[in-house]
Amino acid sequence: MDWRFAHEAIFRWVHVVAGIMWIGHLYFFNFVNGPFAATLEADTRRKVVPQLVPRALYWFRWGAAWTWVTGVLLLFLVFWWSDPAFYTGPSIVMILVTFLAFALYDALFSMEFAKDLRVGGAIGLGLVIVIVSGGYIAWAGFGYRAYVIHTGAMFGTIMAANVWMRILPAQRKMIEAIKAGNKPDEKLSAQAKLRSKQNTFMAVPVVFLMISNHFGGNTTGGYDWIHLAVLIPLGWLAAKLIRRA
């Protein structure tokens with residue numbers, strides 16, 4: 001078993017370092033670079049953006065990728081590999097839900113009404129509660145740590161997919177337009193900003209979920225999923241307050 005714990009320690013170290021790199025650049029783009037770039041004149045923007053943004057995006061995208069990859073490896077070592085409970089039909093389905101929930105999220109926030117984050121966020125929170133209480137707990141029978149970590153993995157997968165499938169492609173096209181001296185497509189800019197903003201709202205809940213072993217655990221008579229219903233909107237509120245600071 002020594003090899004397992006050695007690999008787990010390595011993956012956990014990379015997971016933490018990559019996560020710091022990813023979330024740090026996420027906050028940089030939303031809290032620093034975005035407001036700063038909006039103040040630049042066209043000529044200055046044409047010089048600064050092509051030099052600064054691609055370098056920041058390099059660390060941003062690979063931080064996201066390595067955080068997600070090592071997170072999946074840790075799920076395998078800590079939960080799936082050694083516990084037969086994860087080989088049941090309901091458990092396998094809920095593991096698939098963990099990694100395919102991005103499709104539902106992407107469809108929801110592609111709808112016009114969900115672009116109002118109060119509406120989209122409320123619907124999203126409701127869906128998370130249904131997945132956690134009805135799926136992970138009631139149907140698949142996940143224990144406290146298992147369903148909290150899998151919820152964090154679901155959020156992390158959505159965030160990583162946002163980076164690679166929505167934010168980066170839009171950013172590349174906008175950088176090319178700025179280099180050519182053209183005005184970036186406003187729709188692409190709006191899409192990238194919306195998904196990046198949503199990632200900032202999910203970042204704090206994800207971190208809390210991933211350190212869940214240090215708090216909670218059958219403290220509310222079997223209704224510990226209530227913690228998630230509180231932590232998630234509190235994380236969104238924290239990001240919103242930081243953005244206004």
Original post:
Is at least one residue of the stretch 83-97 part of a helix (DSSP H, G or I), within 30 Å of GLU176 (Cβ to Cβ) and more than 19 Å from the chain's Cα centre (by Cα)?
Top reply: no
Original post:
Any idea which of (1) among the charged types (D, E, K, R); (2) under 20 Å from MET154 (Cβ atoms); (3) over 19 Å from the mean Cα position of the chain (by Cα) is the one LYS47 doesn't satisfy?
Top reply: (2)
Original post:
When LYS173 is evaluated against the numbered criteria (1) part of a helix (DSSP H, G or I); (2) without any contact (Cβ under 8 Å) to a residue 12 or more places away in the chain; (3) more than 21 Å from SER212 (Cβ to Cβ), which criterion, by number, is the only one it fails?
Top reply: (2)
Subject >> Tally of residues being over 19 Å from PRO205 (Cβ atoms) and either surrounded by 14 or more Cβ atoms within 10 Å (Cβ to Cβ) or among the polar types (S, T, N, Q) (or both) across the stretch 30-46 >> reply: 7
Subject >> Filter result (under 15 Å from ARG172 (Cα atoms) and buried (at least 20 other Cβ atoms within 10 Å of the Cβ)) within the stretch 50-76 >> reply: PHE60
Subject >> Residue that is modelled with the lowest pLDDT, among those in the stretch 136-154 that are buried (at least 24 other Cβ atoms within 10 Å of the Cβ) and not β-branched (Val, Ile, Thr) >> reply: TYR147
Original post:
Taking only pairs six or more apart or across chains, which ones have beta-carbon atoms under 9 Å, a first residue in the stretch 101-127 that is exposed (fewer than 15 other Cβ atoms within 10 Å of the Cβ), and a second residue that is not in a helix (DSSP H, G or I)?
Top reply: LYS115/PHE109
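Results for (1) closer than 23 Å to GLY143 by Cβ; (2) under 19 Å from the mean Cα position of the chain (by Cα); (3) among the small types (Gly, Ala, Ser); (4) at pLDDT 85 or above, shown as yes or no for each residue.
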{"site": "ALA160", "(1), (2), (3), (4)": "no, yes, yes, yes"}
{"site": "ILE175", "(1), (2), (3), (4)": "no, no, no, no"}
{"site": "ASN182", "(1), (2), (3), (4)": "no, no, no, no"}
{"site": "LYS197", "(1), (2), (3), (4)": "no, yes, no, yes"}
{"site": "ALA203", "(1), (2), (3), (4)": "no, yes, yes, yes"}
{"site": "GLY222", "(1), (2), (3), (4)": "yes, no, yes, no"}
{"site": "LEU241", "(1), (2), (3), (4)": "no, yes, no, no"}
**OP:** Tell me which residues, restricted to the stretch 6-43, are outside any helix (DSSP H, G or I) and either touching a Phe, Trp or Tyr at 6+ places or on another chain (Cβ under 7 Å) or charged (D, E, K, R) (or both).
**Re:** GLU41
Subject >> Which numbered condition THR157 misses (of (1) under 30 Å from TYR87 (Cβ atoms); (2) open to solvent by 20 Å² or more (accessible area, probe 1.4 Å); (3) part of a helix (DSSP H, G or I)) >> reply: (2)
Subject >> Odd one out for VAL128, checked against (1) over 15 Å from the mean Cα position of the chain (by Cα); (2) assigned to a helix (DSSP H, G or I) >> reply: (1)
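The values are calculated or read from the model by the stated rules, or taken from the named source; none is laboratory data. Worth saying up front: this structure is predicted, and the values here are computed from it rather than measured. So basically every Cβ, Gly included, is an ideal-geometry build from the backbone, and we count neighbours across all protein chains shown. Please note that ligands, DNA and RNA were not included when accessible areas were found on the heavy atoms of the full protein model with its side chains. Shrake-Rupley method; radii C 1.70, N 1.55, O 1.52, S 1.80 Å.
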